[in-house]
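The structure appears below as structure tokens.
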Amino acid sequence: MDIEISLEDLLKNGSHFGHNKKRWNPKMEKYIYGEKNGTHILDLRKTLPLIENALKFAHESSKNKKKFLFVSTKKQHSEIIEAIAKETNNYFVNFRWLGGMITNWNTVKNSINTLNNYENILNSEDTVFTKKELSDIEKKKIRLDKTLGGIVDMKSTPDVIFIIDTNREHIAVLEAKKLGIPIIGIVDTNCDPDIIDYPIPANDDGVKSVQFILENFKKILISNKEANQEKVNSKNE
């Protein structure tokens, strides 16, 4: 694993900015440096080793071909997590987390099958449906695709979940904990870090902060994806 992150990198990308001090979770106290103008400032000296720890875990997991699910339903992160999931051949949820999305996987699989059926109907040259019926199917497909489009190729529950803002995505956290799925989470000053396996204390709102952190994970996942593919190619030669 050849990734180097400095305190300057985190500072430059605004990873130290927390929430208003009135919204804090006392369990984050050990990661807070102080406050400025009523806003908590995270101690990046504490953040750095935790990022490195999470990166090592991601490295080992991806090297062993584990599948990741990236989760953030914040609009500003929608494109970021979709991009990293697609570029690393993993999965994402960026619109809405359905209750039971992983704990009730069989029901979700049925919804994915429905989405695929809509896709097949709309792409078919021979159809028995009227224009109005096709229009209704198109609308249903769009609604389902928003929620399930990022996991449509997921064959089973993920091996690792990466969550941005574990407070907002608390249902995803609870479901992962219930199934024993390891969680990497960007935790801001209003989050509970104790329930996250690999917490990263950092700004979970700012686009630059989240993008910088994810870029480093992307490098590792892509590197291991390529290395695993090379092994497959050499075996087939």
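The values are calculated or read from the model by the stated rules, or taken from the named source; none is laboratory data. Keep in mind that this is a model prediction, so the values were computed, not measured. Ideal geometry is used to build each Cβ from the backbone, glycine not excepted, and the neighbour counts take in all protein chains shown. Side chains are part of the model used for accessible areas, which takes the heavy atoms of the whole protein and leaves out ligands, DNA and RNA. Shrake-Rupley method; radii C 1.70, N 1.55, O 1.52, S 1.80 Å.
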Original post:
When you go through Lys139, Lys155, Lys131, Lys109 one by one, which is the residue that is surrounded by 12 or more Cβ atoms within 10 Å (Cβ to Cβ) and not hydroxyl-bearing (Ser, Thr, Tyr)?
Top reply: Lys109
**OP:** Just give me the residues in region 62-83 being over 19 Å from Tyr198 (Cα atoms) and among the β-branched types (Val, Ile, Thr), in sequence order.
**Re:** Thr73, Ile80
Original post:
For region 84-95, how many residues are hydrophobic (A, V, I, L, M, F, W, C) and within 15 Å of Ile220 (Cα to Cα)?
Top reply: 2
Original post:
Among (1) modelled with pLDDT under 90; (2) of a type outside the set (Asp, Glu); (3) open to solvent by 70 Å² or more (accessible area, probe 1.4 Å), which single condition is Ser124 missing?
Top reply: (3)
**OP:** Tell me, please, whether a residue that is touching a Lys or Arg at 6+ places or on another chain (Cβ under 8 Å), assigned to a helix (DSSP H, G or I) and closer than 21 Å to Lys218 by Cβ can be found in region 56-63.
**Re:** yes
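Let's see how each residue does on (1) over 14 Å from Phe70 (Cβ atoms); (2) surrounded by 18 or more Cβ atoms within 10 Å (Cβ to Cβ); (3) among the aliphatic types (A, V, I, L, M):
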position	(1), (2), (3)
Ile161	no, yes, yes
Ile164	no, yes, yes
Leu179	yes, no, yes
Asn190	yes, yes, no
Pro199	yes, yes, no
Asp204	no, yes, no
Ser209	yes, yes, no
Phe212	yes, yes, no
Asn224	yes, yes, no
**OP:** Mind listing just one residue for me: the one in region 87-106 that is in contact with a Phe, Trp or Tyr (Cβ under 8 Å, 6 or more places away or on another chain) and outside any loop (DSSP other than H, G, I, E, B) and, of those, surrounded by the fewest Cβ atoms within 10 Å (Cβ to Cβ)?
**Re:** Tyr91
**OP:** Scan region 211-237 and report the pairs whose first residue is within 18 Å of Ala83 (Cβ to Cβ) and whose second residue is open to solvent by 70 Å² or more (accessible area, probe 1.4 Å) and assigned to a helix (DSSP H, G or I), with Cβ atoms within less than 6 Å and a gap of 6+ or a chain change.
**Re:** Asn224/Lys63
Original post:
For Asn89, are the conditions met, namely being over 15 Å from Gly185 (Cα atoms), of a type outside the set (D, E, K, R) and in contact with a Lys or Arg (Cβ under 9 Å, 6 or more places away or on another chain)?
Top reply: yes
